[in-house]
Amino acid sequence: MTTATTTHGEPLPPADPVGLPDPVAPLGDKAAGAYRVLIPVVSFAAGALLVGWFLNPRQFYHSYLFGYVFALDIALGALFWVLVHHVADAGWSAGLRRVFENMSRAVLPLAVLFAPVLVGVFSGELYKWYEFVHRDPATLHGEEAHLHHVKHLYFATPFLLARLALYFGVWAWYSVKMRRWSLEQDAAGGAALTRKMQWWAPSGVALLGLTATFFAFDYLMSLQYSWFSTIYGVYFWVGGIRGSLATCVLVVLALRRAGYLEHTITIEHLHDVAKIMFGFTVFWAYIAFSQYFLIWYGNMPEETQFYLLRRNGAWYPVSILLPVLYFVVPFFMLLPRAHKRSVRWLAVISAWVLVMHAYDLYWQVLPVLHTDTVHFHYLDVAAPVGLFGAVLLSAVWGFQRAPLIPVRDARLNETIGYENETP
């Protein structure tokens, strides 16, 4: 069986301290069942993407970008919850922290998997701004000349790549350090590492918010490079925050079904996660409506183009259904207390939120490729399935090599036997 190690390669002590209600040792060879499911699915999706790359490059790049931001958004949402746990010095969520730590590990493989997006950028297949900013300024006049003057500086290759390196550098540093210090605490115990994580977490939240916002500007909003929205970054990362909560619930339910953490992460904890998911469901609707309402009220051509494009053909009913399916349905699914305390309901709700998060990102990316109407392609399934599978594989890898919960967290006693005090 594979054992967890400290940063110096030393084996961790037994991961089942006295007093815990469940065995929490690393899964080791017991993770083989998860790999047997995930690896074939991810491999099949990767094969489909490779075929699509040769047969239809433009479709491939747009579908890949859609699937990529779906997976990255969830990994960044998980990192957000790791950092917020330490900022809030929360006790009830201590048992859930390792789930988010393992999910945020996906930032590293996703940094490598960003390569096809860069190929799409520099081949000109993915972003129309690439050709525009490399045009001779002498051939441009009026509004186009002004737009070129601004955009060619922002999208200059050195500046673009420097920003990208900064984004992934910040995300990788915080995800690696937070998990490493957490594993060191499993071995050493004590409150010193807790205080260290709490000291670094506030800066992590601030930097994560800024970098995720500008990433959304650079690689999603720029699909329509003459359009802008100052609230778009918030729209992007709030979806990931909610999607990571849904993924966490599904991962915990899978572990519980396999016989792990049944008495450590109980329905009381999941009830609180569902309440937070409900809150972010409302917050997403607020952000989405705020962006739409201000653009509708201002009625300026450079702003309305985003929504006008999504009124063409079948994109119009897709646009109308988005707030219904992504807000109204989960709102009423999460509203009853009984639903938030039912394992079956939580599984259905979480799966629904994840699928609708993919729906939202599809609606943001693909109209730029198919401007007349919806043209659904098999790559639009292969990309999110394959890349989300990579996130799950990263999480399984983490559970295989480290205890399922932070076994020597100073506040672990607050999560064991935790009960809700509010509806």
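The values are calculated or read from the model by the stated rules, or taken from the named source; none is laboratory data. Because the structure is predicted, anything quoted here is derived from the model rather than measured. Glycine gets a Cβ as well: all are built from the backbone with ideal geometry, and neighbour counts include every protein chain shown. Accessible surface areas use protein heavy atoms only, side chains included; no ligands, DNA or RNA. Shrake-Rupley method; radii C 1.70, N 1.55, O 1.52, S 1.80 Å.
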> Given the protein chains as shown and a 1.4 Å probe, how many square angstrom of Glu125 are accessible, to the nearest 10?
Replying inline: 60
>> Tell me the per residue accessible area of the chain using a 1.4 Å probe; a whole number in Å² is fine.
In response: 43
>> Can you work out the Karplus-derived ³J(HN,Hα) for every residue in region 356-362? Use 6.51 cos²θ - 1.76 cosθ + 1.60 with θ = phi - 60°, whole Hz, and x for glycine or proline.
In response: 6, 5, 5, 4, 4, 5, 4
> Going toward the positive end of the dipole of region 307-383, with +1 on Lys and Arg Cβ and -1 on Asp and Glu Cβ, which of Thr371, Ala338, Gly313 do you reach last?
Replying inline: Ala338
> From the backbone phi of region 89-106, what are the Karplus-calculated ³J(HN,Hα) couplings (6.51 cos²θ - 1.76 cosθ + 1.60, θ = phi - 60°) in whole Hz, Gly and Pro given as x?
Replying inline: 6, 6, x, 4, 9, 4, x, 7, 4, 5, 4, 5, 4, 5, 5, 5, 4, 5
> Between Leu321 and Arg135, what FRET efficiency comes out of the Förster formula 1/(1 + (r/R0)^6) with R0 = 30 Å and r the beta carbon distance, rounded to 0.05?
Replying inline: 0.20
>> Between Thr371 and Ala188, what is 0.36 nm times their sequence separation minus the Cα-Cα distance? Round to one decimal in nm.
In response: 60.2 nm
>> In whole Hz and in residue order, list the ³J(HN,Hα) couplings for region 370-378 that follow from phi through the Karplus curve 6.51 cos²θ - 1.76 cosθ + 1.60, θ = phi - 60°; x for Gly and Pro.
In response: 10, 6, 7, 6, 6, 10, 6, 10, 4
>> Starting from the Kirkwood Rh over alpha-carbon pairs, what translational D in µm² s⁻¹ does region 26-148 have by Stokes-Einstein at 20 °C and 1.002 mPa s?
In response: 119
>> What aspartates and glutamates does Lys177 reach when the alpha-carbon gap must be under 13 Å and sequence neighbours fewer than 8 apart in one chain are set aside?
In response: Glu101
>> Would any residue of region 237-269 have its amide N under 14 Å from a label point 7 Å out along Cα→Cβ of Trp345? List them or say none.
In response: 267-268
> Once the Cα atoms of helix 192-219 and of the chain are each reduced to a long axis, what angle between those two axes, in degrees from 0 to 90 to the nearest 10, is obtained?
Replying inline: 20
> Just by accessible area at a 1.4 angstrom probe, what is the order of Val238, Val84, Val119 from largest to smallest?
Replying inline: Val119, Val84, Val238
> What size of dipole, in debye to the nearest 20, comes out for region 280-423 about its Cα centre when the only charges are +1 on Lys and Arg C-beta atoms and -1 on Asp and Glu C-beta atoms?
Replying inline: 440
>> With a 1.4 Å probe and all protein chains kept in place, how much accessible area does His339 have, in Å² rounded to the nearest 10?
In response: 40
> Ranked by accessible surface with a 1.4 Å probe, highest first, in what order do Lys151, Lys340 come?
Replying inline: Lys151, Lys340
> Using a 1.4 Å probe, how large is the accessible area of Ile231, given in Å² and rounded to the nearest 10?
Replying inline: 40
>> Taking 0.36 nm per residue of sequence separation and subtracting the Cα-Cα distance, how much length would be gained by fully extending the chain between Glu414 and Glu262, in nm to one decimal?
In response: 53.1 nm
> Which is farthest toward the positive dipole end of region 169-276 among Leu245, Gln198, Tyr232, measuring Cα position about the Cα centre, with Cβ charges +1 (Lys, Arg) and -1 (Asp, Glu)?
Replying inline: Gln198
> Taking only Cα atoms, what is the 0 to 90° angle, nearest 10, from helix 57-88's long axis to the longest principal axis of the chain?
Replying inline: 40
> Among Tyr286, Tyr232, Tyr64, which one shows the biggest mean-square fluctuation in a GNM of the chain, springs joining Cα atoms closer than 10 Å?
Replying inline: Tyr286
> Can you give the angle from 0 to 90° between the axis of helix 379-401 and the longest principal axis of the chain, with both taken from C-alpha atoms, to the nearest 10?
Replying inline: 30
> Taking the structure as given and computing Cα extents along the principal axes in Å, which label from (1) 61, 60, 40; (2) 74, 47, 41; (3) 69, 45, 34 fits?
Replying inline: (2)
> Cα to Cα, under 21 Å, and not fewer than 8 places away if on the same chain: which lysines meet these conditions relative to Lys128?
Replying inline: Lys151
> How about Lys340: which lysines have a C-alpha closer than 19 Å to its C-alpha, ignoring those fewer than 8 places off in the same chain?
Replying inline: Lys275
